[in-house]
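Notes to accompany the following structure.
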Amino acid sequence: MMAYGFTQLVIFSASFVCIFIIQSYPTTVAAASTGGSWALLRSNIGISAMHMQLLPSDRVLIFDRTDFGASNISLPEGKCREDPHDYVLKKDCTAHSVEYDVVSNSVRPLMVLTDVWCSSGALMPDGSFVQTGGFNDGDHVVRVYNSSCSNCDWEEIDSGLVNRRWYATNHILPDGRQIVIGGRRQFNYEFYPKTPASEKSYSLPFLVQTNDPNIENNLYPFVFLHTDGNLFIFANNRSVLFNYSRNKVLKTFPEIPGGEPRNYPSTGSAVLLPLRVVQGNVAVVEVLVCGGAPKGAFVNAQNGTFDGALNSCGRINISDPDPKWVMEIMPFRRVMGDMVLLPNGDVLIINGGSNGTGGWEYGRNPVLNPVVYRPYNPIDARFDVQNPSVIPRMYHSTAILLQDGRVLVGGSNPHVYYNFTNVVYPTELSLEAFSPSYLDPNSSGLRPKIISPISQSKILYGEQIVVRFTVQTQIDVNLISVTMIAPSFNTHSFSMNQRLLVLDSGKAMKTLEKLTYEVNTTTPSAGHIAPPGYYMLFVVHQEIASEGIWVVVS
């Protein structure tokens with residue numbers, strides 16, 4: 001049964017535990033892996049990384065859930081939390097959230113008071129992280145984390161939400177607010193912050209229409225801001241273009257071919273493909289949806305049968321007047337995978353298994369090899385299998401892009417509590433970094449290094465900026481691009497607010513001196529193309545990305 005179903009069972013029978021015999025990890029490994037490398041950063045951060053968000057301070061907020069007993073890291077200074085909702089530990093002196101410092105590779109425990117299990121959030125334009133909902137005492141709570149200080153902790157706002165939000169999706173809007181969509185048994189949406197403060201929620205019948213009885217399959221809907229200012233919302237196997245200001249569906253897209261469910265608990269993943277900005281406009285807006293589980297897989301997993309995951313991806317041009325899905329086949333079947341936009345415009349597909357579905361104990365056969373999807377290649381040459389990890393990342397795994405171009409990977413806990421023995425996939429407390437092939441030392445001569453602007457620079461909409469950089473070899477001016485990526489919030493196989501823009505630079509390239517260059521580029525023209533806030537800016541040369549710098553778009 002699904003996570004919440006099992007928790008309800010535990011309320012009545014706390015002694016019931018699923019036990020499995022330890023076995024070696026079966027996996028699908030490609031005959032020819034083409035790139036990337038892995039590094040273990042920390043074997044134990046004290047918690048399992050169910051949720052992750054990169055902050056503009058190059059620290060990462062990581063949190064799990066508060067209602068399952070002790071974690072493996074203590075709260076500082078003798079702090080403890082009284083929790084009547086914890087079924088095994090009423091007084092808890094351990095942390096369920098940490099801040100990971102990327103530069104120092106260190107961890108600092110944080111104190112979250114209410115249950116953040118299966119919650120949602122997004123980075124606000126001022127750099128603070130606003131996180132919403134969860135379970136039990138946390139389902140109406142808004143939590144704020146200020147990223148501007150070195151010793152900050154969570155601040156919590158009781159009843160910050162109108163409705164309970166559990167398995168909801170958030171997105172930053174052009175005006176800087178968050179929209180919070182759906183959640184379990186919530187067929188509506190609301191905004192944060194609220195204007196006025198008494199603002200209520202709004203009905204969204206599309207979530208009723210996509211709700212499968214007893215399974216749902218429309219939780220954590222895939223939500224992307226279209227460049228026309230409306231929202232693309234994908235739930236289950238269907239999608240719409242939605243005007244949230246008028247509470248109106250403007251367009252219904254074709255059902256994804258095959259009709260298989262893609263959202264949690266099935267669970268696939270999705271990205272908005274890179275947006276090319278030319279003279280202030282974006283001509284083509286495409287969405288890619290990959291993986292998931294076939295119909296009936298969740299019920300079959302409950303009965304101990306682990307169906308093969310889906311190996312298909314659907315790609316659709318949502319800016320086309322007559323949009324149609326184009327289907328592609330991945331090298332592996334994959335469920336519970338994550339999709340991460342890389343600075344050179346590629347998409348990394350990582351984590352998950354090849355059998356089963358999302359939910360406690362319902363996944364099998366980890367897929368240890370990531371896959372890179374190259375959206376600009378011909379349709380039969382887009383997938384490249386990467387070198388494998390040795391750590392299974394199953395249910396409740398996460399992956400996010402870091403400013404230095406690596407991908408931070410953590411989590412994996414298919415169990416109600418932390419369980420390290422006598423189970424198929426022990427709880428994972430480790431953090432790894434996957435380095436895509438553009439970080440290969442053999443490519444160092446091609447790698448740009450940004451000189452200016454300096455990190456944390458503020459830029460305006462529609463502004464011309466000069467990006468100065470060095471490259472240690474002769475460059476090809478036709479193979480230089482400048483990209484911007486919004487830092488996303490990742491949980492349950494979906495990265496909320498993930499967005500990559502390829503900026504308009506034309507051929508405005510200049511050689512300043514030997515190995516030093518500058519390119520004139522134009523920032524996005526408005527918030528419906530790039531919502532206000534922090535982005536990582538990269539220079540890319542021959543598909544090799546520089547380290548990023550932080551810029552603030554306002």
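Summary table below
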| read-out | value |
| --- | --- |
| Criterion: in a strand (DSSP E or B), open to solvent by less than 20 Å² (accessible area, probe 1.4 Å) and not charged (D, E, K, R) - qualifying residue of Gly314, Gly358 | Gly314 |
| Test for Arg393: is it crowded, with 24+ Cβ neighbours inside 10 Å and among the basic types (Lys, Arg) | yes |
| Residue selected from segment 117-136 under the condition over 20 Å from Phe191 (Cβ atoms) and part of a loop (DSSP other than H, G, I, E, B), by the criterion farthest from the chain's Cα centre (by Cα) | Phe135 |
| Residue within segment 11-33 that is at pLDDT 90 or above and surrounded by fewer than 19 Cβ atoms within 10 Å (Cβ to Cβ) present | no |
| Selection from segment 363-397 of residues that are closer than 24 Å to Glu543 by Cα and either under 18 Å from the mean Cα position of the chain (by Cα) or polar (S, T, N, Q) (or both) | Asn369, Pro370, Val371, Val372, Tyr373, Asn377, Gln386, Asn387, Ser389 |
| Count of residues meeting criterion [open to solvent by less than 30 Å² (accessible area, probe 1.4 Å) and within 27 Å of the chain's Cα centre (by Cα)] in segment 512-533 | 9 |
| Selection from segment 254-278 of residues that are more than 21 Å from the chain's Cα centre (by Cα), of a type in the set (A, V, I, L, M, F, W, C) and open to solvent by less than 10 Å² (accessible area, probe 1.4 Å) | Ile256, Val277 |
| Which listed residue, of Trp154, Trp166, is touching a residue at least 12 places away in the same chain (Cβ under 8 Å) and within 25 Å of Ser57 (Cβ to Cβ) | Trp154 |
| Residue within segment 105-121 that is open to solvent by 50 Å² or more (accessible area, probe 1.4 Å) and out of contact with any strand residue (DSSP E or B) (no Cβ under 7 Å at 6 or more places or on another chain) present | no |
| Criterion: crowded, with 22+ Cβ neighbours inside 10 Å and under 20 Å from His528 (Cβ atoms) - qualifying residue of Gln178, Gln186 | Gln178 |
| Top-ranked residue of segment 188-222 - restricted to ones that are of a type in the set (D, E, K, R) and outside any loop (DSSP other than H, G, I, E, B), ranked as farthest from Arg164 (Cα to Cα) | Asp212 |
| Test set (1) modelled with pLDDT of 95 or more; (2) surrounded by 20 or more Cβ atoms within 10 Å (Cβ to Cβ); (3) closer than 17 Å to Leu429 by Cα - Asn72 fails condition number | (2) |
| Checking Cys152 against (1) at pLDDT 95 or above; (2) assigned to a loop (DSSP other than H, G, I, E, B); (3) open to solvent by less than 20 Å² (accessible area, probe 1.4 Å), the condition it does not meet | (1) |
| Qualifying residues in segment 408-465 (those that are of a type in the set (Asp, Glu) and farther than 28 Å from Ala530 by Cβ) - the one least open to solvent (accessible area, probe 1.4 Å) | Glu432 |
| Selected residue (only one of Asp504, Asp476 is of a type in the set (Asp, Glu) and open to solvent by 50 Å² or more (accessible area, probe 1.4 Å)) | Asp476 |
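Let's see how each residue does on (1) of a type in the set (A, V, I, L, M, F, W, C); (2) in contact with a Ser or Thr (Cβ under 7 Å, 6 or more places away or on another chain); (3) at pLDDT below 95:
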{"site": "Asn413", "(1), (2), (3)": "no, yes, no"}
{"site": "Ile450", "(1), (2), (3)": "yes, yes, no"}
{"site": "Gln464", "(1), (2), (3)": "no, yes, yes"}
{"site": "Arg468", "(1), (2), (3)": "no, yes, no"}
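The values are calculated or read from the model by the stated rules, or taken from the named source; none is laboratory data. The structure presented is a predicted model; accordingly, all values stated were derived computationally and were not measured. No Cβ is skipped: glycine too gets one built from the backbone with ideal geometry, and neighbour counts run over all protein chains shown. Keep in mind that these areas ignore ligands, DNA and RNA; they rest on the heavy atoms of the full protein, side chains included. Shrake-Rupley method; radii C 1.70, N 1.55, O 1.52, S 1.80 Å.
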